[in-house]
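Just so it is clear, none of the values below were taken in a lab; they were calculated from the coordinates. Being a predicted model, the structure only gives us computed values, none of them experimental. Ideal geometry is used to build each Cβ from the backbone, glycine not excepted, and the neighbour counts take in all protein chains shown.
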Amino acid sequence: MTSVVTSDGDTVLDVAVYSDTTADESVDGVMTALDQADADVAGLWKLTERLALDDGDEVTDLATALELSTDDTDRLRNNLAIQLADVLFGASDQNIQTGLQTAPAEPGIAARLREAGFIEYEFPDGTDGDVVRLPAGGLRIAVVSGPGSAVPTGDVLLPILVDLASDEAVPVVAADPSLVPDDDSDDGDEEQPRLVTAIRDDDELSQRISTVDDLDRVAGRVATVLALVDAEPGDPRVGHYGAEDGTRLLPEPPEGDGS
């Protein structure tokens with residue numbers, strides 16, 4: 001997962017990018033594109049393979065981090081999605097009363113997950129940081145997935161987004177690299193949905209979360225940055241971009257933009 005702060009003239013855009021992929025080039029591409037767009041990147045949250053929950057220690061440690069007393073993996077993953085979605089909803093809420101804003105902070109659930117090795121923080125070159133701190137509001141979120149995910153997309157990332165976007169459009173951009181030809185991508189794992197495809201195939205999510213399907217291309221990285229600009233908390237403009245059917249290459253210019 002990644003938290004980013006982007007400066008756009010006089011407007012400060014707080015953006016968080018979350019990643020479940022071990023394909024570091026996908027995350028690096030987003031970080032580079034944001035840097036080239038003069039973004040101020042706060043850091044990266046990356047889900048680790050411990051969330052696969054394929055041994056008893058992982059199950060016990062996650063239950064402790066979530067402050068639950070259960071070894072039911074389905075219940076743990078469901079609660080994880082709820083807690084993280086709540087954190088993101090609070091950080092992306094635009095209804096902040098002037099004078100009551102608090103300084104950016106590391107959410108308690110994130111701290112516990114980090115200490116237990118379920119998420120890792122990374123920071124851009126030249127940045128001194130110890131923990132990723134989320135703002136009190138106005139957050140925009142980019143989610144990076146792809147081949148080589150540390151855990152199945154349907155286990156963690158997708159449930160988080162389902163919970164986050166349960167009522168309305170949210171300031172989220174989900175991005176995947178381009179699909180490889182079928183004869184190169186058949187790994188026998190039919191249970192793991194591609195994040196972008198799962199969102200676009202869902203009638204509600206497709207109206208509430210923007211997607212980019214060609215993150216491995218320059219146009220895809222540009223589309224991700226522009227879609228984040230469109231993802232205004234409180235009034236996000238949702239679109240689907242890339243090279244697949246039913247998409248545009250890039251977001252349309254804002255109304256009134258003469259360029």
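Structure notes:
- Relative packing of peptides 135-141, 28-34 - highest average C-beta neighbours within 10 Å first: 135-141, 28-34
- Here's how it looks for LEU44: its modeled amide H is under 5 Å from those of SER3, GLU122, PHE123, which are all 5 or more places away or on a different chain.
- Debye log10 I(q)/I(0) for the stretch 25-167, one point scatterer per Cα, at q = 0.09, 0.12, 0.21 Å⁻¹: -0.29, -0.53, -1.50
- Full-stretch length increase - GLU106, ASP55 - with 0.36 nm per residue and alpha-carbon distance subtracted: 15.6 nm
- Simple label model, 7 Å out from Cα along Cβ direction - GLU115 to ASP38, nm: 4.1
- For ILE141, the residues whose amide H sits under 5 Å from its own are ALA16, VAL172, VAL173, ignoring neighbours fewer than 5 places away on the same chain, with H placed 1.01 Å from N.
- For the stretch 123-185, dividing the convex hull volume of the Cα atoms by the residue count gives 158 Å³ per residue.
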